[in-house]
Structures are given as C-alpha cells and as structure tokens.
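Each remark here refers to the structure printed beneath this line.
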Amino acid sequence: MMDEFPERPAVSFVVPCHNEELVVPGTAQALLELIGQQFDLGRCGPGSMVVFVDDGSSDGTWTLIEQLALSHPGRIAGVRLSRNVGHQHALLAGLSTAPGDALISLDADLQDDLAVIPQMLDHYQQGSDIVYGVRGQRPTDTRLKRMTATAFYRLMRRLGVDVIDNHADYRLMSRRAVEILRQYDEVNLFLRGIVRLIGLRSSQVLYDRRERAAGSTKYSLSRMSALAIDGITSFSAVPLRVISILGLLTSLFALGVSIWVLVVALTNPSAVPGWASTVLPVTFIGGVQILSIGVLGEYIGKIYMETKRRPRFIVDRVVGLPGDEPEDGAPRG
Ligand code: UDP
Ligand code: MG
C-alpha cells in the first residue's frame, strides 16, 4: 500500500510536441525548475524527469529535444514517433514509455498552468490515482472554441458518456492507473473518456487556461471535429439506436396510414383505382427498411463495442486472499 503512493514519487512529465520548436526550450526550462523546487521540498524523488514525444514534427523540434536530452542526462528524455499520429496517440506513446511513479501529461505550449502541479502531487500523496486538471476560466481561448467545447461536453453527457467538463489532457496518473490504461487496446483513442472508465480514486484541481507560450495551435477546426466525432462514436452507440427508434416510429406511422388507406379504398366508391396498392407498399416498405437498418445498427454497435476488448472490470484492492500480505510483512494470525 505504502509503496503504491511513495512519499517521494519519481514524477515524469509527458509532453507531446508537434512542430513546437518555439516553445520546447522554455517548457523544458520551466519543468526542470519545477522539478528542482519540488525535489528540494521533498515532494518528488530522484528519477523525476521530462519526456518529450516528438509527434512527427517537420521543424527543428527533434533536434532541440536531442540537444536537451544530451545536456540534461536523466532529467530530459525524448521519444520520436515515426510519423505524425496525432495528439492522443502521441500522449499514449509517452505514457507507455515514460518511467516514474506518477505521470503528468501536459501540452508543450504551457497553456496548462504549472502552478497547480504541487496540488496535484498533494492529491496523489493523499491516495488519488488520477488527478484531473480542470479549466476554470478560458479567457484566452476564442469564443468559437469555448462555445463548441461547451456544446460538445453537453452532447457527450446526453449520450451517456462520462466526461469531465473542461478537462482536456492535463492530468496526473499513478503508475497503476497508467498500466490499466494500457489494457485499453482501442485504435480510436479518446483518452479523456477512457481514463474515466478506469475508475479508482480520483480528484480534481482547478486552473485557468493561459495564452499559448508561442507558436500557433496545432488543432485546426477539422482536427477538433475529428476528435469530437471520435469521442462520440468510440463511447456511444446512441446514434445507431436513434435509427432504430426512427424505424419504429416510421413503421407505426405506416401501419396507421395503411389502415386509413384500406378504409378509404373499401368505403369510398370514388377512390382512384390503384391508389391503395401504390401507397400501401411504399409506406410499409419504408417503415420496414428503416427498422431493419436500426436492427442491423444495434448489432453493429454490439460488435463495435466487443472489438474494443475493453477490460470488463478493474480490481482496486483485495483483502483476505493469498498474495494480499499484511503491510509489515508479518504472518497473519
Ligand atoms: N500535438 C501533437 N500532435 C498533433 C497535434 C498536436 O502532439 O498532431 C500536441 C501539441 O504539440 C501540443 C498539444 O498536442 O503540445 C496540444 O495542441 P495545441 O496546443 O495545438 O492545441 P490547443 O491547445 O490549441 O487545443
Ligand atoms: Mg495549446
């Protein structure tokens, strides 16, 4: 238990970078200073470091990372991906390779305020496996970005997906939480959704999002939309269910229309001949078709969820089983 949350954890900062040559040196500097301070205060241990992940940059980002790693051995490391795989996968690559007892993921541009990191470490010390950084104010983001973000989080919750409002990917994860995260094999990565599925003890710290240190955003509108669609379709089969409901409604409607058509055809001598035999099949087949697509959708939704092979449960702790040794190592009496 005690070594699960060591008093002086080795903390790794995982920083995905895509064409960030303008900010990498400053970010490295700031993080090294932070590690130094926290180390002097006895809150993080030896082995704490910064791991930059170069996500297929085409500028001088990797050269800078290499130089930094050479001049700060054991303090700065770099991982270079073979091509640009996107922020979410780059982050996972970093979390999978970084050492340490606690891993903190953050953006290279320092928009996530480093001032709350001591608080994150406090929460970790008090037994939180996951500490979410939550944005209070976003004065520096554009109106469009704020509005689309609010709408997105609302929609996600409507669809039954557990997401934390205004939490992006600034968070601390314990070694244990990272190992569990790695059991999620999915290709369409929406990390902030998956991390919620892990459960365990978690907590939140509030911060204000800041201006980008330098350079420009690497998330274009189309990338943001792609992330949103990934988030929805990786976590919810509700859009498919909507088709089923639509099919059901259309079928009911067709049934009503059929009855009406039959009544008219049989009771009204002036009804146009051939009218009923045209309208009936059209409404009927329309209803049956949409309903059938809905039924297919239900199964495809199931297949989709099955193919993810997500862990079905995660054990937090165990008591009274072999292997569950008392803390002092003394034999149980
Ligand atoms: N990023 C990445 N790969 C990409 C796009 C972005 O690793 O394909 C990184 C980027 O370098 C930054 C973080 O993801 O560290 C967040 O991107 P950005 O700051 O551009 O997004 P914004 O804050 O504007 O939403
Ligand atoms: Mg940013």
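The values are calculated or read from the model by the stated rules, or taken from the named source; none is laboratory data. Since the model is a prediction, treat every value here as computed from it, not as a measurement. All Cβ positions, even for glycine, are placed from backbone atoms using ideal geometry, and neighbour counts span all protein chains on display. The area values use the complete protein model at the heavy-atom level, side chains included, leaving out ligands, DNA and RNA. Shrake-Rupley method; radii C 1.70, N 1.55, O 1.52, S 1.80 Å.
Quick notes on this one:
- When Pro273 is tested against (1) away from ligand 2 (no atom under 16 Å from the Cβ); (2) not in a loop (DSSP other than H, G, I, E, B), exactly one condition is not met: (2).
- Any pair with Cβ under 7 angstrom, 6 or more apart, that starts in region 13-25 at a residue that is on the phi > 0 side of the Ramachandran plot and ends at one that is more than 10 Å from ligand 1 (Cβ to nearest atom) and of a type in the set (Asp, Glu): Asn19/Asp59
- Scanning region 246-262 for residues that are touching a Ser or Thr at 6+ places or on another chain (Cβ under 9 Å) and open to solvent by 60 Å² or more (accessible area, probe 1.4 Å) yields a total of 2.
- Where a residue in region 257-285 is touching a residue at least 24 places away in the same chain (Cβ under 8 Å) and its partner, wherever it lies, is in a helix (DSSP H, G or I) and open to solvent by 90 Å² or more (accessible area, probe 1.4 Å), with Cβ under 7 Å and at least six apart: Ser258/Phe284
- Exactly one residue out of Asp230, Asp185 is under 19 Å from Leu91 (Cβ atoms), touching a Leu at 6+ places or on another chain (Cβ under 9 Å) and away from ligand 2 (no atom under 16 Å from the Cβ): that is Asp230.
- Residues of region 263-284 classified as at pLDDT 85 or above and open to solvent by 90 Å² or more (accessible area, probe 1.4 Å), total: 1
- Top-ranked residue in region 105-131 [being in a strand (DSSP E or B) and either more than 16 Å from ligand 2 (Cβ to nearest atom) or without any contact (Cβ under 8 Å) to a residue 60 or more places away in the chain (or both); ranked as farthest from Asp40 (Cα to Cα)]: Ile130
- Output for region 12-23, where each listed residue is β-branched (Val, Ile, Thr) and at pLDDT 95 or above: Val14, Val15
Okay, residues lined up against (1) open to solvent by less than 10 Å² (accessible area, probe 1.4 Å); (2) within 24 Å of the chain's Cα centre (by Cα):
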{"residue": "Val14", "(1), (2)": "yes, yes"}
{"residue": "His18", "(1), (2)": "no, yes"}
{"residue": "Leu22", "(1), (2)": "no, no"}
{"residue": "Glu33", "(1), (2)": "no, no"}
{"residue": "Arg43", "(1), (2)": "no, no"}
{"residue": "Asp54", "(1), (2)": "yes, yes"}
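- Options Arg157, Arg175; residue that is modelled with pLDDT under 90 and on the phi < 0 side of the Ramachandran plot: Arg157
- One residue stands out among those in region 157-183 that are of a type in the set (Val, Ile, Thr) and under 21 Å from Asp107 (Cα atoms): the one that is farthest from the chain's Cα centre (by Cα), which is Val178.
- Only residues that are surrounded by fewer than 19 Cβ atoms within 10 Å (Cβ to Cβ) and either touching a Cys at 6+ places or on another chain (Cβ under 6 Å) or of a type in the set (A, V, I, L, M) (or both) were counted in region 117-158, giving 6.
- Checked across region 162-184, the condition of being free of Cβ contacts under 8 Å to residues at least 24 places away in the same chain and open to solvent by less than 70 Å² (accessible area, probe 1.4 Å) holds for no residue.
- Residue in region 202-217 that is farther than 25 Å from Arg317 by Cβ, in contact with a Phe, Trp or Tyr (Cβ under 7 Å, 6 or more places away or on another chain), surrounded by fewer than 17 Cβ atoms within 10 Å (Cβ to Cβ) and at pLDDT below 85 present: no
- Hits in region 67-116 (condition: more than 13 Å from ligand 1 (Cβ to nearest atom), under 17 Å from Ala28 (Cβ atoms) and open to solvent by 40 Å² or more (accessible area, probe 1.4 Å)): Gln67, Leu70, Ser71, His72, Pro73, Gly74, Arg75
- Residues that are hydrophobic (A, V, I, L, M, F, W, C) and open to solvent by 40 Å² or more (accessible area, probe 1.4 Å), drawn from region 56-66: Trp62, Leu64
- Test: Ala149 is assigned to a loop (DSSP other than H, G, I, E, B) and within 16 Å of ligand 2 (Cβ to nearest atom): no
- Just so you know, in region 206-227 the residues that are assigned to a loop (DSSP other than H, G, I, E, B) and among the charged types (D, E, K, R) include one that is nearest to ligand 2 (Cβ to nearest atom), and it is Arg212.
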